[in-house]
Amino acid sequence: MRKKLVAGNWKMHGNLAENNELLNAVVSGVAGLRDASVSVCVPYPYLSSVQATLRDTNITWGAQNVSQYDKGAYTGEVSTAMLKDFGCTYAIVGHSERRTLFGEHSKVVAEKYLAAQNAGLIPILCVGETLEQREAGTTEKIIEEQLKAVIALAGVDSLSKAVVAYEPIWAIGTGKTASPQQAQDVHEFIRSGIAAQNAGVAENLTIQYGGSVKANNAAELFAMPDIDGGLIGGASLIASDFIAVCHALQN
Ligand code: PEP
């Protein structure tokens, strides 16, 4: 059976006191969950304290970005080995905010994906279209190109050690969610495209949906056959909301 995963993406939010309060509530709120994985991707400076809080729990943690370089004169960058030092399981790569606000194109995203895997991290590879691209009918073409860059560099088999997150850009942080059927259609497109290259990898690949997932819409999204959990922004900052989203995975 495919692994289901809910991962919080805190973005650039939080402080030590708030993070502790949030995580302590989440730890007890998801303690009884079976068959579902929960993770939080936090700002780099908090990795140490998050590691200390989550070490003996059923919640894993990760980062929201990582350098494609191993080490060297790359001021401001954080390497995969540094993330491993703090016990990270996941690194998000190619989040649309990185692609659009920080100019990360698909080739760089692919390099980050491969660097993460080479270090033993699981990349959460984000793909998704803008509203203009959806309206122009190019959603599938855009997603295909984003995936192709990664497959060209790392090979299709690499997806057996990765998570893909379909995040329509028009749904991120906007309160507009893709309908379950809209999301399912893209997830199915992703899975069938990969299946054409390796059926086993496609069948076992965790494909998350991300984009304004909340307590009140998570269950219907997660009930779709190709949606294996979610990448959660805003709702991951509110303990009761995040816990409810995690529980929706089991329904
Ligand atoms: C995200 O940051 O990946 C995200 C999906 O954000 P939100 O849930 O706030 O739309």
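Residues of segment 227-249 with an amide N closer than 13 Å to a point placed 7 Å from the Cα of Ala219 along the Cα-to-Cβ direction: 244-249.
Pairs to check: Lys4/Lys107; Lys107/Lys214; Lys3/Lys71. Give those whose C-alpha atoms are more than 30 Å from each other in this structure.
Values: Lys4/Lys107 28 Å; Lys107/Lys214 32 Å; Lys3/Lys71 32 Å.
With Cα atoms farther than 30 Å apart: Lys107/Lys214; Lys3/Lys71.
Of the chymotrypsin sites (Phe, Trp or Tyr not before Pro) found in segment 68-133, those that fall in a DSSP loop while having at most 14 other beta-carbon atoms within 10 Å are Tyr69, Tyr74, Phe102. If the segment from Arg2 to Asp157 were pulled out straight at 0.36 nm per residue, it would be longer than the present Cα-Cα gap by 54.2 nm. Label-to-label distance for Leu131 and Ala73 is 4.4 nm, based on points extended 7 Å past Cα in the beta-carbon direction. Summarising the label geometry, the points placed 7 Å from Cα in the beta-carbon direction at His13 and Glu140 lie 3.5 nm from one another. Working note: Debye formula, equal point scatterers on the alpha-carbon atoms of the chain, no solvent; log10 I(q)/I(0) at q = 0.07, 0.08, 0.11, 0.13 Å⁻¹ is -0.20, -0.27, -0.52, -0.75.
When Arg134, Arg99, Arg55, Arg191 are compared by accessible area of protein heavy atoms, the largest-first order is Arg55, Arg134, Arg99, Arg191, using a 1.4 Å probe.
When the charge dipole of segment 8-250 is built from unit charges on Cβ atoms (+1 for Lys and Arg, -1 for Asp and Glu) and taken about the Cα centre, the candidate among Ile227, Val186, Trp61 whose Cα reaches farthest toward its positive end is Trp61. The residues of the chain present an accessible area of 44 Å² per residue when probed at 1.4 Å with all protein chains retained.
Using a cut-off of 10 Å between beta-carbons, work out the net charge of the residues near Asp226 (Lys and Arg +1, Asp and Glu -1, Asp226 not included). Once all neighbours under 10 Å are counted, the net charge is -1.
Quick one: with all protein chains in place, what share of the accessible area of segment 106-251 is carbon or sulfur, to the nearest percent (1.4 Å probe)? Intermediate values should be presented prior to the final figure.
Working: 2990 of 5680 Å².
Summing carbon and sulfur atoms, their accessible area is 53 percent of the total for segment 106-251.
Residue order by solvent-accessible surface for Ser28, Ser37 is Ser28, Ser37, largest first, with ligands and nucleic acids left out and a 1.4 Å probe. Label-to-label distance, Tyr44 versus Ala25, with points set 7 angstrom from Cα along the beta-carbon direction: 2.9 nm. The residue list Ser28, Pro168, Ala115 was ranked by how far each Cα lies along the charge dipole of segment 8-250 toward its positive end, using unit charges on Cβ atoms, and Ala115 comes out on top. When the residues Glu21, Glu111 are ordered by accessible surface, computed with a 1.4 Å probe over the protein chains alone, the sequence from largest down reads Glu21, Glu111.
Relative to one another, the C-alpha centroids of segment 163-197 and segment 56-105 are positioned 23 Å apart.
Charge dipole of the chain (Cα centre as origin; +1 on each Lys and Arg Cβ, -1 on each Asp and Glu Cβ, all else neutral): 340 debye, rounded to the nearest 20.
The values are calculated or read from the model by the stated rules, or taken from the named source; none is laboratory data. On a predicted model such as this, the values are computed, not experimentally measured, just so you know. Cβ atoms come from the backbone with ideal geometry, glycine included; neighbour counts cover every protein chain shown. Just the protein is used for accessible areas: all its heavy atoms, side chains included, with ligands, DNA and RNA removed. Shrake-Rupley method; radii C 1.70, N 1.55, O 1.52, S 1.80 Å.
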